[in-house]
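Have a look at the structure below before the remarks.
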Amino acid sequence: MTLQVSSLEAQVSLLMASPPDPAPPAALSLSNSNPFSQPVAPIVHRSAGLADRDTFSGKWTELPNFLAQLQLKLQANADHWPDEPAKVAYCISRLEGDALRNFRSAIHQEPIPGTNITRIVIDFASPNTLIKRLQTSFEDPDPTGTTHMELSELRQGKQDFATYLSEFTRIMSVLNYDPAAKINALEAKQECFRNF
């Protein structure tokens, strides 16, 4: 062992004392002549991960917020998944209860030919196809009717006017009232409060 160390030390000293080699010919690849000059993989900086939000269980009132947060996560952290199937797998991992049962039949195992190994296959090409199925299966069947009901039940109560107005504005954005109709609806709500 001491002999090997001495031999290596002598080789290092010889290399350090000798003049540098001329530039290699263009056809010569440095990676073939020197194993230590292999290209280094670039450092990959992934985006800061947005926190995972609540899972979706199939309650239609929670679907709009769930989808908004899911789409933000997929867009902001697109570099966290290598391909579309990985994104779909992530989306399904955020489901539970009735929502997960709705998608369970789309997940199955498939043998890899020539091996004893199976792989998981998900029958959705992209997160968008999965989101469309979520909307078809769990979206409010009558969003306009539901929003009209929310408007009729809307009360300021003990909350400040800014909070009340924010909820009123959200409802109006669904109903697509023109500006004059919005003002009339707000004044009518305020008139109701004065009569109590």
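Note on the stretch 140-156: among residues that are out of contact with any helix residue (DSSP H, G or I) (no Cβ under 6 Å at 6 or more places or on another chain) and of a type in the set (D, E, K, R), the one that is surrounded by the fewest Cβ atoms within 10 Å (Cβ to Cβ) is 153. Quick one: would you say residue 90 is surrounded by 13 or more Cβ atoms within 10 Å (Cβ to Cβ) and within 30 Å of residue 47 (Cβ to Cβ)? For residue 90, the condition - surrounded by 13 or more Cβ atoms within 10 Å (Cβ to Cβ) and within 30 Å of residue 47 (Cβ to Cβ) - is met. Looking at the stretch 107-196, the helices (runs of 4 or more DSSP H) lying wholly inside it that each contain 1 or more residues that are of a type outside the set (Phe, Trp, Tyr), closer than 30 Å to residue 83 by Cα and modelled with pLDDT of 90 or more sit at 127-138.
Can you tell me which residue in the stretch 112-136 is farthest from the chain's Cα centre (by Cα), limited to those that are charged (D, E, K, R) and surrounded by 11 or more Cβ atoms within 10 Å (Cβ to Cβ)? Working first, answer last.
Of the residues in the stretch 112-136, the ones charged (D, E, K, R) are 119, 123, 132-133.
If we keep only those that are surrounded by 11 or more Cβ atoms within 10 Å (Cβ to Cβ) as well, we get 123, 132-133.
On the way: 123: 19, 132: 16, 133: 17 Å.
Step by step, filter the stretch 112-136, then rank; the result is 123.
The set of residues in the stretch 64-111 being among the β-branched types (Val, Ile, Thr) and either in contact with a His (Cβ under 8 Å, 6 or more places away or on another chain) or more than 15 Å from residue 132 (Cβ to Cβ) (or both) consists of 107 alone.
Scanning the stretch 67-91 for residues that are under 26 Å from residue 140 (Cβ atoms), in contact (Cβ under 8 Å) with a residue 24 or more places away in the chain and over 8 Å from the mean Cα position of the chain (by Cα) gives 67, 88.
The values are calculated or read from the model by the stated rules, or taken from the named source; none is laboratory data. Predicted model only: the values in this text are computed from it and were never measured. Don't worry about glycine lacking a Cβ; one is built from the backbone with ideal geometry, like all the others, and counts go over all protein chains shown.
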